[in-house]
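The structure appears below as structure tokens.
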Amino acid sequence: MRKRLALIATEPTAADLAAIETEWPLIAAELDVLDAEITMLYAEDHGGPSPLDWRRLRRAEARVTRAAADLSTRTDPHRAA
């Protein structure tokens, strides 16, 4: 028997949007890593990744680490200490 899911027609709340805004630097950094990884995959068809491709990937991974560390040190007023 197949269950039907109810449609949700609500918009994101201000708190939802604030949470996304807070996490956006990490999200953007993760997207940069994904983009660098895709570039590396395509480079395999053209003789392999260049030193610049590797450098781009390392820098993107470092940005994720910095963004995650920064996000973890921020205090959340809604979270109990």
Accessible area per residue, Å², the chain with all protein chains present, probe 1.4 Å:
90
Between the Cα axis of helix 14-43 and the main Cα principal axis of the chain, the angle (0 to 90°, nearest 10) is 20
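Using helices alone, what [θ] at 222 nm do you get for the chain, with -39,500 (n - 2.57) per DSSP H run of 4 or more residues, divided over all residues and rounded to the nearest 500? Write down the numbers at each step before the final one.
Details: 2 runs with 53 residues, N = 81.
Taking each H run of at least 4 residues, the total per residue is -23500 deg cm²/dmol.
Accessible area of the chain with a 1.4 Å probe: how many percent of it is carbon plus sulfur?
Solvent-exposed carbon and sulfur of the chain make up 59 percent of the total.
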Restricting to Cα pairs below 8 Å that are 6+ residues apart, what does the relative contact order work out to for the chain? Please round to a whole percent.
34
Tell me the label only: which of (1) 13.3, 39; (2) 18.9, 55; (3) 13.5, 44 is Rg and Dmax of the Cα atoms in Å as calculated from this structure?
(2)
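The values are calculated or read from the model by the stated rules, or taken from the named source; none is laboratory data. Small disclaimer: the values here were computed from a predicted structure and weren't measured. Heads up: the accessible areas ignore ligands, DNA and RNA and are worked out on the full protein's heavy atoms, side chains in. Shrake-Rupley method; radii C 1.70, N 1.55, O 1.52, S 1.80 Å.
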